[in-house]
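Trainee: Sharing a structure with you now.
The values are calculated or read from the model by the stated rules, or taken from the named source; none is laboratory data. Note that the structure is predicted; figures quoted are calculated from it, not measured. Cβ placement follows ideal geometry from the backbone for every residue including glycine, while neighbour counts extend to all protein chains displayed.
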Amino acid sequence: MSNRARLSEDEITAGLAELPHWTREGDSIARSADAPDFPAGIRVVVAVAEQAEALDHHPDIDIRWRTLRFVLSTHSAGGLTSLDLALAARIDEALRAESAA
């Protein structure tokens, strides 16, 4: 199965069980987190940008001072794919590295 193939509802539910900070928003998943300070938030965004390039899959990112919001969906598939779950896990790692919660 292609990593850009749309996931079934059961696959999405199972994937989100491994990503407790993420919530379903229609055909997307989303997470917000607060970085310790603005520079730490920007470091998270830079780390996420590098991971997104490596996967060739790019999130929507909203930065409000130290609060970051990430939204993932595979628009070409019309919903969620394994790329979204993989990038969500990498975003979680980047947030942990900067002690963001």
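Trainee: Inspect all residues belonging to the stretch 5-18 and state whether any of them is on the phi < 0 side of the Ramachandran plot, in a strand (DSSP E or B) and at pLDDT 95 or above. Please lay out each step first, then the result.
Mentor: Of the stretch 5-18, the ones on the phi < 0 side of the Ramachandran plot are 5-18.
Add one more test, that the residue is in a strand (DSSP E or B), and what stays is none.
Taking every residue of the stretch 5-18 in turn, none turns out to be on the phi < 0 side of the Ramachandran plot, in a strand (DSSP E or B) and at pLDDT 95 or above.
Trainee: Could you list all residues from the stretch 53-101 that are over 19 Å from Thr13 (Cα atoms), among the aliphatic types (A, V, I, L, M) and buried (at least 19 other Cβ atoms within 10 Å of the Cβ)?
Mentor: Of everything in the stretch 53-101, those that are over 19 Å from Thr13 (Cα atoms), among the aliphatic types (A, V, I, L, M) and buried (at least 19 other Cβ atoms within 10 Å of the Cβ) turn out to be Leu68, Ala94, Leu95, Ala100.
Trainee: State all residues of the stretch 25-61 that are free of Cβ contacts under 8 Å to residues at least 12 places away in the same chain and part of a helix (DSSP H, G or I); if no residue qualifies, say none.
Mentor: Pro39, Val46, Ala49, Glu50, Glu53, Ala54, listed by residue number.
Trainee: Right, here's the next one. Could you check the stretch 17-52 and list, in sequence order, the residues that are surrounded by fewer than 14 Cβ atoms within 10 Å (Cβ to Cβ) and over 22 Å from Leu83 (Cα atoms)?
Mentor: Pro36, Asp37, Phe38, Pro39
Trainee: So, of the residues in the stretch 50-90 that are within 12 Å of Asn3 (Cα to Cα), among the hydrophobic types (A, V, I, L, M, F, W, C) and modelled with pLDDT of 95 or more, which turns out to be nearest to the chain's Cα centre (by Cα)?
Mentor: Taking the candidates together, the pick is Leu87.
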